[in-house]
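Following: one structure in structure tokens, then a few remarks.
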Amino acid sequence: MSQEYVTFVRRLSQLSEGKQTLFIKDLTPGPRKYDTKLVRAELSKTASDGNTLWVRSETGYLYPQPWKIKILEELPPYVAGQPWQDVFAAMLQAK
Amino acid sequence: MGFNDLREFIATLERADELVRIKRECDWDMEVGAISRRNFEQSGPALLFEKIKDYPSGYTILNGPVATWSRVAIALGLPPDTPVRKLYAVYEERRDKSIKPEVVTSAPCQENVMSGSDVDVYKLPAPMVHDGDGGRYIGTWDIVVTKDPESGWTNWGMYRFMTHTRNMLTGWPQATSQLAMMMKSKYLPRKQSMPVAIVIGCEPLCHMVATDPYKPGLDEVEFAGGLRQSAVELVRCKTQDLMVPARAEVVIEGEVLADRIAHEGPFGEYPGYRSGTMAEGVLVQITAITHRSNPILTLSTLGIPPDDSSIAASLTAAIAMKRGLKRRGIPVKEVYVPPEGVTHLIVVSVERGGSRVARQVLDYFTARRVMVSKIIVVDQDVDAFDMGQVLHAFATKCHPGKGIAVEHYEGRANALTPCFSADERRRLKGASAVFDATWPEDWEQEVIPTKSAFATTYPDAVKQKVLANWDSDGLGEKS
């Protein structure tokens, strides 16, 4: 059964197709809904298979078209960085 | 004497018809938030959600403990209809008093303990407050306890915290907050994590003190005692060297990590918008969760005013601002923080006005971290608590060309100010303006426009005659 996730971006243009590392939240109903994972995943705007990835902006705006996501690897749920550092910048640095 | 705990306060609210129990099952996933938000927008009662989907019977959520002036009055032990000005006066009078806390060795907040691999924050019904938030916010009406490792100063603040995983939270104390200053100056240079306790569900005055901008170095718990007129009982955390209110409902113990971060936010915040603060917070590794049996999570479904934040901060911020202005020698008479202005708009009445005083007021508000973007300064004949009078003074006395002064700054702005651009918010760049609605200091009495009001326009003899006949003229009560 297809699972659904949501991720947050500063701008939609900053989300790219292909292999990406990103924080996602599991939308499976139940007491663990919205649990966060950091994953390496294959993202696609157009693929017909894979799980559903909803995308929201930094104001919580929900982009109407979901993407597809195939999780390749689950990583520890954090990145190296100092408090108040931009998480997206820290992820780029880690790359 | 203050309330011993949240449960006593809830019972008192119920007796005063200030609380409604929602007995049907409600979903923690937005339904609790939606009911609470609509209720706030009608200035409704505190809500106790008694049955939460996915959670055991007895696990409840309380929204809006002090979201109206009547509930603030009850929290202070005053009649519910106490006027706002009187609430300000009582708070100001009690704010200087401090009572040292009492340390206890066993506490209701530790009736149940999860630690080590048993820690699972999802065992508590943290709500998804608004659609589109970054996650479930367990810390909306909390007390966040941290300690200076050198001086031993214990700081209480109120900051948002979101569930991240079963044993991690992410949070967003502003980068200019006292928690941030402590972390940056005392822990990060040593590459040390900072012990933290997120306390949920205390009696209301402890939470209000956490919103009060006491100076660094002052232990808020002592002022909470003064405000309550009785000592706060503290107990040592199970896994951190921190003391927390013993009668709290829930305590999440952990460490703000010095070298790891994760996604946080966004969240519909107290200015009434979800304006884009995201992914620039802190990561907390939870080391223990302790809670009372049948825990009550306190929630404030923040958004457009009124809510707990806009009401409580109206009181706590105003008194702190008045003190600060007086310390600077500014002839302040009253400070009012209208809840509708969500601490972005402040009204200051002064004993003598003019552009120099207005500038001094602006300088005070922009000297350090800046949480305020607009200040209206009025003469003392204007009732600062009466926004009709304030608006009239602003409309008529603030010179559009000479009566507005603006201060620009960077690195210390309020990142939650919705009118600042995304780039400005990220750089903590902003501006504040003072609107001088006082008469210029160099205008002579003979040229100052005469206010055409009953109180200022007629001789005493005429006024007395009018008042003496008011009732018999069929015009109602004399006032």
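Inspection of region B:46-55 identifies at least one residue that is out of contact with any helix residue (DSSP H, G or I) (no Cβ under 7 Å at 6 or more places or on another chain), farther than 30 Å from B:K215 by Cβ and more than 14 Å from chain A (Cβ to nearest Cβ).
Listed here are the strands (runs of 3 or more DSSP E) enclosed by region B:358-470 that have at least 2 residues being closer than 30 Å to B:A180 by Cβ, under 22 Å from the mean Cα position of the chain (by Cα) and not hydrophobic (A, V, I, L, M, F, W, C): B:429-437. Considering A:K37, A:K19, A:K68, the condition of being touching a residue at least 24 places away in the same chain (Cβ under 8 Å), touching a strand residue (DSSP E or B) at 6+ places or on another chain (Cβ under 8 Å), open to solvent by 60 Å² or more (accessible area, probe 1.4 Å) and not in a loop (DSSP other than H, G, I, E, B) is satisfied by A:K19 alone. Of the residues in region B:166-186, at least one is among the charged types (D, E, K, R) and at the interface with chain A (Cβ under 10 Å from one of its Cβ atoms).
Residues that are under 19 Å from B:M387 (Cβ atoms) and either hydrophobic (A, V, I, L, M, F, W, C) or not in a helix (DSSP H, G or I) (or both) within region B:299-311 comprise B:I304, B:P305, B:P306, B:D307, B:I311, listed in sequence order. Suppose the filter is closer than 22 Å to B:Y270 by Cβ and surrounded by 11 or more Cβ atoms within 10 Å (Cβ to Cβ); does B:A393 pass it? When the stated conditions are applied, B:A393 does not pass them. Residue pairs whose Cβ atoms lie under 7 Å apart, separated by 6 or more positions or on different chains, with the first residue in region B:404-430 and within 14 Å of chain A (Cβ to nearest Cβ) and without any contact (Cβ under 8 Å) to a residue 40 or more places away in the chain and the second open to solvent by less than 70 Å² (accessible area, probe 1.4 Å) and among the basic types (K, R), do not occur.
Counting the residues of region A:40-49 that are open to solvent by 10 Å² or more (accessible area, probe 1.4 Å), in contact with a strand residue (DSSP E or B) (Cβ under 6 Å, 6 or more places away or on another chain) and either assigned to a strand (DSSP E or B) or free of Cβ contacts under 8 Å to residues at least 24 places away in the same chain (or both) gives 4.
Of the residues making up region B:255-289, those that are of a type in the set (S, T, Y), more than 9 Å from chain A (Cβ to nearest Cβ) and within 20 Å of the chain's Cα centre (by Cα) number 1.
Rundown of residues vs (1) in a strand (DSSP E or B); (2) surrounded by 24 or more Cβ atoms within 10 Å (Cβ to Cβ); (3) of a type in the set (F, W, Y), yes/no style:
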| position | (1), (2), (3) |
| --- | --- |
| B:H130 | no, no, no |
| B:G134 | no, yes, no |
| B:V144 | yes, yes, no |
| B:E150 | no, no, no |
| B:N155 | yes, no, no |
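The set of residues in region B:322-338 being within 29 Å of B:Q42 (Cα to Cα) and either open to solvent by 10 Å² or more (accessible area, probe 1.4 Å) or of a type in the set (F, W, Y) (or both) consists of B:E334, B:Y336. Of everything listed in (1) assigned to a loop (DSSP other than H, G, I, E, B); (2) within 14 Å of chain B (Cβ to nearest Cβ); (3) in contact (Cβ under 8 Å) with a residue 24 or more places away in the chain, the single unmet condition for A:P29 is (3).
The values are calculated or read from the model by the stated rules, or taken from the named source; none is laboratory data. Here the structure is a predicted model, which is why all the values come from computation and not from measurement. Positions of Cβ are backbone-derived with ideal geometry, glycine not excepted, and every protein chain shown enters the neighbour counts. Protein only, heavy atoms only, side chains kept; ligands, DNA and RNA dropped before computing areas. Shrake-Rupley method; radii C 1.70, N 1.55, O 1.52, S 1.80 Å.
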